[in-house]
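Accompanying notes for the structure given below.
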Amino acid sequence: MRKIRAFALRLRSLFQHHRADNDFAAELESHIALHTDEGIRSGLSPDEARRQALIHLGGAEQTRQAHRNRRTLPWLESLLQDTHYALRMLAHNPGFTITAVLTLAIGIGASTAIFSAIKPILIDPLPYPHANRLMMLSEMRKNQAPMAVTFGTFQGLSQHNRSFEALAVFKPWQPAATATSEADRPERFTGQRVSADYFRALGIAPILGRDFQPLDDRFHGPNVVILSDRLWHRRYAADPSIVGKTIRLDDALFTVIGIMPASFENVVNPTADVWAPLQYNSSLPWDGREWGHHLHMIGRLKPGVSSLEAANEMSVILHAQAQIYTKGYNSSGGPPDFIVVHPLQHDLTQAVRPALLAVLGAVLLVLLIACVNVANLLLARGSQRSAEFAMRAALGAPNGRLAQQLLTESLLLSTLGGALGMLVAAAGTRALLVLSPPGLPRLNAISVDATVFLFAFALTTLIGIVVGLVSTLEASRHDLNSAMRQSSGRATDDRHFTRRALVVTEVSLAVVLLVSSGLLLRSMNHLLAVDPGFDSSNLLTMQIQESGHRYDSDAARLQFFDQALNNIRQLPGVVSAGLTSQLPLSGDQDIYGIEFEKDNNALADAGFRYAVSPGYLETMRIPLLRGRLLNEGDRAGAPVAVLITQSLATKHFGAQNPIGQHVRMGPDAGQSDHPWATIVGVVANVKQQSLAIGEEDAFYITTSQWAWGDEVQSVVVRTTGAPATLTHDIQQAFWSVDKDRPIDRIATMDALLAATAQERRFVLVLFEAFGLVALALAAIGIYGVLSGSVTERTREIGVRAALGATRADILTLVLRQGMTMTALGLAIGLCAALAAARALDAMLFGVSWLDRLIYIGATAILFAVSGIACLIPARRAATIDPMQALRTE
């Protein structure tokens, strides 16, 4: 307590020092007067008596300082003095202060904004208990990408594994909520069909009601549903009595059995608001939906079990399962070779991780350039203040005190930059949310929270210390004599070496960003030039789902879609229209097996399955390469006709004509007792998943000849004018057949095409912005060094001019100095750019990371900008009047 009280008294004295100083001065003066009187009485003159009194007391100023140190906190007092002095100095140099603060604000703000996005995606654990034990499981064939699992695989693994506490599968579900009045429109919810252990695998339970039980997830089981807190509040007014009541979805009554917590974050499908049991047939009929690759599997590992051990066990179980259910696996392209097990976080982020890391690298380069620029500004300012520092040293100021002053100024600058940077970070975070690609996970978790503030504070402090140390070390290199010889050429060279080295660093870092931006820009141009396999102009798309008991039969489904399609085709402004089970570049992924008769019962291939209406391919303008397209004659009961893509035709028939050859598809594949379908045409390859993915095998069949009726269809409409203008009329054409059918995912085909490149565009926009900032900062750095050099070499330039140097000679002298720094920075930067480009290779499309055009272009741009930055101080140097320069000196 005594120490705390003493500290408090010292702190109070620090802020009330004027009264304490006055009191002590009066007391000190009384002591001096007493000693002076004694000296006079001993025969000394008044002046000598006072001098002896001061000597006896050890000096008035020294005594005051010693007393001040005992009653206050000297280190805090000196810090406050340094801060006050630094504020005065910064206020007297507004140009320097504004430039330095804005430069740091851009660097710190951009870095903090990017960190706010990367933190919840790549750093924070997922919002589940023991999230590191959550795994995603996929089927995989050799030399192919991982596939969604079949229900047959899930059932075998869940029954026999010993590695997982819980396994679950899920798939999207979009139930329709019927309109409650004539003024309402039907609403489609986003949800999931899940197996019974889904929430137990995640480690989350409903906050109201109960979880799913195994009896809920049996074939033809009860209609039960769990609601999200968001939907519970929005549609049901957060009424707790809703649990146990029924709601109508897809014309069927569902009993609400639970409400999820408000904090529940469903990372695998953030928009899901409703969950119902999967209710697949556990007897696994070989020709049922249980063998489609459309389910995603998640599991919670038991403690102490590694993902590798789990994968090995799962693959063993899979091989045994494949021997039992050969027919089922053959209907979906054959059994997979093994099971892959990845952490859920890795699975969620693997698509965006390269892009985020690339952006992080770019923003760190910008931050480094900003720090280098501010360090250069401080060095230039220190050069101008070298005489001041020399004078303070001559008057007895220790080196530590001068270093503390410089560090205080640097920290103050970085603090101001950090404060403004937080505003930049807040705006940047909002911009990231707008620009972010649709596949970016955990978007709702991106924010400037306490951890981000702590990151910004640490970053600001680190920058202040590092930049301050650079200035301090540079200032310590000059002694008193060198500081007094500011006009000598040698002193100028010594003083500018560090600043020139920093400019070279800036240029080299700017080269890295320019080359990276150029490669991404060219890659984007190549990607957007890819032929998607269809004509996207004037195409409007929307998705509609028929559901409910009125559509239990395939005939009723076909009638609904046929009638709606006829209504659409009669609308003014409609050129043609068609329906498809999956729409290119929309995220749909429906893959089935396909077996060719000529391959002698070889295992079926897997290809995208398009169940379409006659007229769909004409509407999409997918080129016909051989044979004919599907037509109205290809209906139920007629011989089954199929179209295959060029990639399938080339793979299986080479140069031979595939027309008239026979295939089996989907549930018929691999079944010797099932009839063959006939190939009637070959069409161009269509990009289904992404413009960046190569040839994708696919087959087309009419909706009426496919084994199962599709509940969800996408309509494509080609119009004479702007497609969006017909949105309302097309919706009415559907609602005139059934007013309770919700319609969503309305988009033009051009918009879907652009969305496929959104991730690359996101990275490109950020790289371009960072590249421009880096270029501007590098130019400012070059200009600053040359401008300061011209100012300090005014006498030298005047002497050169007086001795006969022409303006062209002086211009060349300054330009050569600037362009030498640029050339050296370019040489270093191009080497670094090669390494950065190699790291970006996975994000490039249609362009090599060694593309010479990009490297030449980046070099030319940097030389041009550097030349402009050099020209301004060079012209000023060339106009110096030698007489005026010498007279001033």
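Couple of notes before you dig in:
- The listed residues are Thr725, Thr719, Thr748, and the only one of them that is in contact (Cβ under 8 Å) with a residue 12 or more places away in the chain and either open to solvent by less than 30 Å² (accessible area, probe 1.4 Å) or on the phi > 0 side of the Ramachandran plot (or both) turns out to be Thr719.
- For region 156-192, the candidate set comprises residues that are assigned to a strand (DSSP E or B) and open to solvent by 40 Å² or more (accessible area, probe 1.4 Å); within that set, the residue that is modelled with the lowest pLDDT is Glu187.
- In a residue-by-residue description of region 106-123, the property of being part of a strand (DSSP E or B) and touching a residue at least 40 places away in the same chain (Cβ under 8 Å) applies to no position.
- Residues that are farther than 30 Å from Pro742 by Cβ and surrounded by fewer than 15 Cβ atoms within 10 Å (Cβ to Cβ) are absent from region 250-266.
- Filter pass, Ile659 being in contact with a strand residue (DSSP E or B) (Cβ under 9 Å, 6 or more places away or on another chain), surrounded by fewer than 22 Cβ atoms within 10 Å (Cβ to Cβ) and touching a residue at least 24 places away in the same chain (Cβ under 8 Å): yes
- Residues in region 430-473 that are of a type in the set (D, E, K, R) and under 13 Å from the mean Cα position of the chain (by Cα): Arg430, Arg442.
- Qualifying residue in region 806-813 (condition: surrounded by fewer than 17 Cβ atoms within 10 Å (Cβ to Cβ) and either touching a helix residue (DSSP H, G or I) at 6+ places or on another chain (Cβ under 6 Å) or closer than 30 Å to Ser690 by Cα (or both)): yes
- Extreme residue, surrounded by the most Cβ atoms within 10 Å (Cβ to Cβ), among residues of region 530-573 that are modelled with pLDDT of 85 or more and farther than 28 Å from Ile644 by Cα: Asn567
- In region 433-462, of all residues being assigned to a helix (DSSP H, G or I) and polar (S, T, N, Q), the one that is modelled with the lowest pLDDT corresponds to Asn444.
- Conditions (1) in contact (Cβ under 8 Å) with a residue 12 or more places away in the chain; (2) under 29 Å from Arg761 (Cβ atoms): number failed by Ile856: (1)
- Enumeration of residues in region 830-871 that are among the polar types (S, T, N, Q) and open to solvent by 40 Å² or more (accessible area, probe 1.4 Å): Ser848
- Region 759-788 - residue that is aromatic (Phe, Trp, Tyr) and at pLDDT below 85 and, of those, nearest to the chain's Cα centre (by Cα): Phe762
- Flag if Tyr592 is closer than 19 Å to Asp535 by Cβ, of a type outside the set (Asp, Glu) and either within 44 Å of the chain's Cα centre (by Cα) or surrounded by fewer than 24 Cβ atoms within 10 Å (Cβ to Cβ) (or both): no
- Selection from region 127-155 of residues that are in a loop (DSSP other than H, G, I, E, B), out of contact with any Gly (no Cβ under 8 Å at 6 or more places or on another chain) and on the phi < 0 side of the Ramachandran plot: Pro127, Lys142, Gln144, Ala145, Pro146, Ala148
- Test set (1) at pLDDT 90 or above; (2) farther than 18 Å from Val716 by Cβ; (3) out of contact with any Leu (no Cβ under 8 Å at 6 or more places or on another chain) - Ala606 fails condition number: (1)
- Per-region count, region 632-646, residues open to solvent by 10 Å² or more (accessible area, probe 1.4 Å) and within 16 Å of Glu695 (Cβ to Cβ): 1
- Some residue of region 303-319 being among the charged types (D, E, K, R), touching a residue at least 60 places away in the same chain (Cβ under 8 Å) and not in a helix (DSSP H, G or I): no
- Residue in region 818-826 that is open to solvent by less than 50 Å² (accessible area, probe 1.4 Å), of a type in the set (A, V, I, L, M), out of contact with any Phe, Trp or Tyr (no Cβ under 8 Å at 6 or more places or on another chain) and under 17 Å from Val503 (Cβ atoms) present: yes
- Subset of region 662-693 [in contact (Cβ under 8 Å) with a residue 40 or more places away in the chain, over 43 Å from the mean Cα position of the chain (by Cα) and surrounded by fewer than 20 Cβ atoms within 10 Å (Cβ to Cβ)]: His662, Gln671, Ser672, Trp676
- Every residue from region 320-347 that is assigned to a helix (DSSP H, G or I) and either within 28 Å of Val470 (Cβ to Cβ) or open to solvent by less than 40 Å² (accessible area, probe 1.4 Å) (or both): Gln321, Ala322, Gly328, Tyr329, Asn330, Leu344
- Residue pairs meeting the criteria (Cβ under 7 Å; at least 6 apart or on separate chains; first open to solvent by less than 50 Å² (accessible area, probe 1.4 Å), in region 489-512; second modelled with pLDDT under 75 and not hydrophobic (A, V, I, L, M, F, W, C)): Gly489/Glu796; Ala491/Ser482; Ala491/Arg485; Thr492/Glu792; Thr492/Arg793; Arg495/Ser383; His496/Ser789; Thr498/Glu474
- Some residue of region 522-532 being small (Gly, Ala, Ser) and over 27 Å from Phe845 (Cβ atoms): no
- Selected residue (criterion: nearest to the chain's Cα centre (by Cα)) from residues of region 201-215 that are surrounded by fewer than 20 Cβ atoms within 10 Å (Cβ to Cβ) and assigned to a helix (DSSP H, G or I): Pro214
- Candidates Ala394, Ala403, Ala425, Ala370 - the one that is open to solvent by less than 40 Å² (accessible area, probe 1.4 Å) and at pLDDT below 75: Ala403
- Checked against the criterion of being on the phi < 0 side of the Ramachandran plot, among the hydroxyl-bearing types (Ser, Thr, Tyr), more than 35 Å from the chain's Cα centre (by Cα) and surrounded by 21 or more Cβ atoms within 10 Å (Cβ to Cβ), the candidates Tyr198, Tyr236, Tyr280 yield just one match: Tyr280.
The values are calculated or read from the model by the stated rules, or taken from the named source; none is laboratory data. Fair warning: this is a prediction, and the values are worked out from it, not measured in the lab. Here Cβ is always computed from backbone atoms with ideal geometry, including for glycine, and neighbour counts include all displayed protein chains. Each accessible area value is taken on the protein alone, full model and side chains, heavy atoms only, with ligands, DNA and RNA left out. Shrake-Rupley method; radii C 1.70, N 1.55, O 1.52, S 1.80 Å.
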